[in-house]
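Reading through the structure tokens given below for one structure.
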Amino acid sequence: MQPLPDKAFPVSWDQFHRDARALSWRLASAGPFRAILCITRGGLVPAAIIARELELRLIDTICIASYHEYDKQGQLQTLKGPDASLIGADGGKGVLV
């Protein structure tokens, strides 16, 4: 087993879940929200926890890529944008990103 890098900050699932719930409680006062737009991969799990806490059913994703060779960061590419109806005529008012 390899040693952890100096900058590693391991977080348990319990702590991650607790922090996501605490974040949602703080966000509640900034609402109301009608939807969540999250970045895929790293953003899906916290978005699910926050959506449950804020009682939101509408979740959309944006898919981006910046690591193309898994070791070199390159230009940011949008692979999938949000559904246009999510943004709507109001410019996305009430959408938590």
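The values are calculated or read from the model by the stated rules, or taken from the named source; none is laboratory data. This is a predicted model, so every value here is computed, not measured. Cβ placement follows ideal geometry from the backbone for every residue including glycine, while neighbour counts extend to all protein chains displayed. For the accessible areas, the whole protein counts, side chains as well, though only heavy atoms, and no ligand, DNA or RNA atoms are used. Shrake-Rupley method; radii C 1.70, N 1.55, O 1.52, S 1.80 Å.
A few points about this structure:
- Residue tally, condition open to solvent by 50 Å² or more (accessible area, probe 1.4 Å) and either under 29 Å from LYS93 (Cβ atoms) or assigned to a loop (DSSP other than H, G, I, E, B) (or both), over region 11-24: 5
- Top-ranked residue in region 57-91 [being touching a residue at least 24 places away in the same chain (Cβ under 8 Å) and over 14 Å from THR40 (Cα atoms); ranked as least open to solvent (accessible area, probe 1.4 Å)]: LEU86
- Scan of region 48-64 for residues that are within 10 Å of ARG21 (Cα to Cα) and small (Gly, Ala, Ser), ordered by number: ALA51
- Single residue of region 25-48 satisfying the filter (assigned to a helix (DSSP H, G or I) and under 23 Å from ASP90 (Cβ atoms)) that is nearest to the chain's Cα centre (by Cα): ALA47
- Scanning region 56-82 for residues that are at pLDDT 90 or above and charged (D, E, K, R) yields ARG57, ASP60, LYS80.
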